[in-house]
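Nothing in this text is a laboratory measurement; each read-out follows from the coordinates by a stated rule. Bear in mind the structure is a predicted one, so any value in this text is a computation, not a measurement. Neighbour counts run over all protein chains shown; Cβ positions are idealised from the backbone, glycine included.
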Ligand SMILES: [Zn+2]
């Protein structure tokens, strides 16, 4: 299995020829912004305009630039359209839950019928989907018109987006990255065919690239791929070139789990995730939202008991929050340093002494499922799980395990040895240790784990006593 890594280059400042590249990037941005203007401006006067699938080629009519660059710009524009479109749809609120459901099909109505039929089958004739299907087949033209018109109206009335950063993707058709044989002062050069025509041909610019030991080390004999991202770095006012190369996936020959390549993760409320290397994920915003959701849920329960509540909104809110939790966790997993080959988390089905809140968080937002799903992705680490019984009460120094060790929600102070640590960090370290200690693998039940922890603690105390006796000379 191969994986792609990126590597950054700069131009050699002794040979600065980057001004023409900067104006090339500015030119590309101008084309992109004109396309955005055309798209969000005059061309959407009519409802018949195919808003989403608009990929018309204006290059020959308006711009006449190198077609490979035009394709890349078009792709950027297209992405921007999608982002804007998604945001608008998400913010639209129809009073009718049926319209609210169907709004996600705006400008892509072809599959609605099939989709709903499948949904009905999957949910075993759910009433909502059956009603939706009937409603759709009765009045689809009217629904399409109503939703598309509103989406267009909102898009037309909002500000037209603009590209500000000077960045574009280039590949072998316009760009070369080669070693020079004659040059004394630099090892490599980058050539770019720009959009400027000189005597009927597009100008080609040559830029010397700074090559360092770092690059040599990183590449380690691998060849650079022939597509690059070239970007103007506004802070240093210089050109940045981001290349990529392929390396063999290390997880094919993983080393055995040990202290340095293993990371434990504790799931909590005040910090969603705490890592055994001390890193905590600040989820204040998410936490506030979670608190608000709990409040809202209380309110819903009250109204529901009086038969006054339509649960569609509640379900939607829950789904939204679940997506946020999932995104947050995935973002953290994506940022785990390359050094770690094993990431250990608690099998949440066994999490003990769960507070009401954490229980809610885990159950409602299917945190366990997020980890399971994450494990199917190809990454530089493997996700493992352990039975976490007592990991939050166990002292990682002397193994004394007691509920009282938790001085409060966030502090751990061992009643036996006095070891003090952030409670979540202590737990995440225990999670890691438990995975590394093979003796735990046989222990399935809480009772067995408790007994073993007690043995560990007592044998530690015994050797401690022996050591202090020896050191004081009383054997
Ligand atoms: Zn202790």
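Give me the percent relative contact order of the range 259-471, please, defined on Cα pairs under 8 angstrom at least 6 residues apart. Don't skip to the end; give the middle numbers.
Values: 266 pairs, mean separation 49.5, N = 213.
Here the relative contact order equals 23 percent.
With label points built 7 Å along Cα→Cβ from the Cα atoms of residue 225 and residue 127, find their separation and express it in nm.
Placing both labels 7 Å beyond Cα along the Cβ direction yields 5.2 nm.
For each of 233, 141, count neighbouring Cβ atoms within 10 Å of the residue's Cβ, then give the residues from fewest to most.
Starting with the residue having the fewest Cβ neighbours, the order is 141, 233.
Show log10 I(q)/I(0) for the range 196-354 at q = 0.11, 0.14 Å⁻¹, two decimals, from a solvent-free Debye sum over equal Cα scatterers.
So the normalised log intensities are -0.80, -0.99.
Please compute the volume of the convex hull spanned by the alpha-carbon atoms of the range 92-157 and report it per residue in Å³.
Working: hull volume 5.1 nm³, N = 66.
Output value, Cα hull per residue: 78 Å³.
How much mean residue ellipticity at 222 nm does the chain get from its helices, if each DSSP H run of length 4 or more adds -39500 (n - 2.57) and you divide by all residues, to the nearest 500 deg cm²/dmol? Spell out each step's value before the answer.
Values: 12 runs with 205 residues, N = 475.
Computed mean residue ellipticity for the chain: -14500 deg cm²/dmol.
Mind checking the angle between helix 112-122 and the chain's longest principal axis? C-alpha axes, 0 to 90 degrees, to the nearest 10.
20
Compute the distance in nm between two label points, each set 7 Å from the Cα along the Cα-to-Cβ direction, one at residue 78 and one at residue 295.
So the label points at residue 78 and residue 295 sit 4.4 nm apart.
In percent, what relative contact order does the chain have, based on Cα pairs under 8 Å that are 6 or more apart in sequence? Could the numbers behind the result be given before it?
Values: 591 pairs, mean separation 70.6, N = 475.
About 15 percent, as a whole number.
What is the angle, in °, between the Cα long axis of helix 446-471 and the longest principal axis of the Cα atoms in the chain? Nearest 10 is fine, range 0 to 90.
Its long axis makes an angle of about 70 degrees.
With 10 angstrom as the radius, rank 438, 269, 170 by how many other C-beta atoms surround their C-beta, starting from the fewest.
Values: 438 7, 269 20, 170 24.
Taking fewest neighbouring Cβ atoms as first place, the list is 438, 269, 170.
Where does helix 127-157 land angle-wise versus the long Cα axis of the chain, in degrees 0 to 90, nearest 10?
Between the helix axis and the principal axis of the chain, the angle is about 60 degrees.
Expressed in nm², what is the orientationally averaged projection area of the convex hull enclosing the Cα positions of the chain?
On the way: hull surface 135.9 nm².
Value for the chain: 34.0 nm².
Going by how many other Cβ atoms sit within 10 Å of their own, how do 90, 231 line up, fewest first?
Values: 90 11, 231 17.
Ranked by crowding around the Cβ, least crowded first: 90, 231.
Run through all the Cα pairs of the range 352-398 and give the fraction in each 5 Å bin from 0, expressed as whole percent.
Taking every Cα pair in the range 352-398, the percentages come to 5, 17, 17, 22, 18, 14, 7, 1.
Relative to the present Cα-Cα distance, how much length would full extension add between residue 304 and residue 363 at 0.36 nm per residue of separation?
On the way: separation 59, 0.36 × 59 = 21.24 nm, distance 2.08 nm.
Here the answer is 19.2 nm.
Report relative contact order for the range 92-157 in percent, whole number only (criteria: Cα-Cα under 8 Å, sequence separation at least 6).
Details: 28 pairs, mean separation 25.2, N = 66.
Here the relative contact order equals 38 percent.
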